[in-house]
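Input: a single structure, listed below in structure tokens.
Where a number appears in this text, it was derived from the coordinates with a stated rule and is not lab data. Since we're looking at a predicted model, the values are computed, not measured. Backbone-built Cβ (ideal geometry, glycine too); neighbour counts: all protein chains shown.
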Amino acid sequence: MAESILDAAAEQLTSAGAKITYLGEQTKPIGTVIFYSRGHEPAMEDFLRVQRMHRPYTNDRSPYTSHFAVEAEEFRRMLSALKPLLTGADVAGTHELLSFSVVRTTGGRTVGQEFHIGAQLAREFYAALIDALNKDNPVGRAILEKQFSAVCP
């Protein structure tokens, strides 16, 4: 098993999902984004197992939540692109703006990690994710770009 979910191989990500939740102040709804390996959409409860708060964030209950599928190799590429950002010493800084939770099922149990991202890294976070998407994933690109423009106007 990989030491960090960010180091998981594509084969380990065939039953994986990730959730991006906006934690900051808002004047309009900013829906949570969930992406997952094609054919394996995790339940919201799976993410609660790895979150610091074991209950849904306010935006997780929003009717504006968006979902899209990725290929396992695409998922691996996305996590690899984020690894340099998420393993930094000051990922959240003084203001946590986003929660990024990644889970996968292994041996009948859910494992994963949650990362809190500060405002100073939000643009780089979205750029890395969007750049790592397959070019033939316009749905994923549109969903991430919509959340990005709401979080970082």
Do any trypsin sites (Lys or Arg not before Pro) in segment 69-153 lie in a loop, going by DSSP, with at most 15 other beta-carbon atoms within 10 Å of their beta carbon, and if so which?
Lys135
Dipole in debye (nearest 20) - segment 5-151, about Cα centre, beta carbon charges: Lys, Arg +1; Asp, Glu -1
220 debye
What Rg and what Dmax come out for segment 1-41 when only alpha-carbon atoms are used, in angstroms?
13.8, 42
Among Lys19, Lys28, Lys83, which one shows the highest mean-square fluctuation when the chain is modelled as a Gaussian network with alpha-carbon springs under 10 Å?
Lys28
If the cut-off is 17 Å between C-alpha atoms, which lysines fall inside it for Lys28, apart from same-chain ones fewer than 8 positions away?
Lys146
In 5 Å bins starting at zero, report the fraction of Cα pairs in the chain per bin as a rounded %.
2, 10, 21, 25, 23, 14, 5, 1, 0
Ordered by packing density, taken as the mean number of other Cβ atoms within 10 Å over each peptide's residues, highest first, how do 67-73, 95-101 rank?
95-101, 67-73
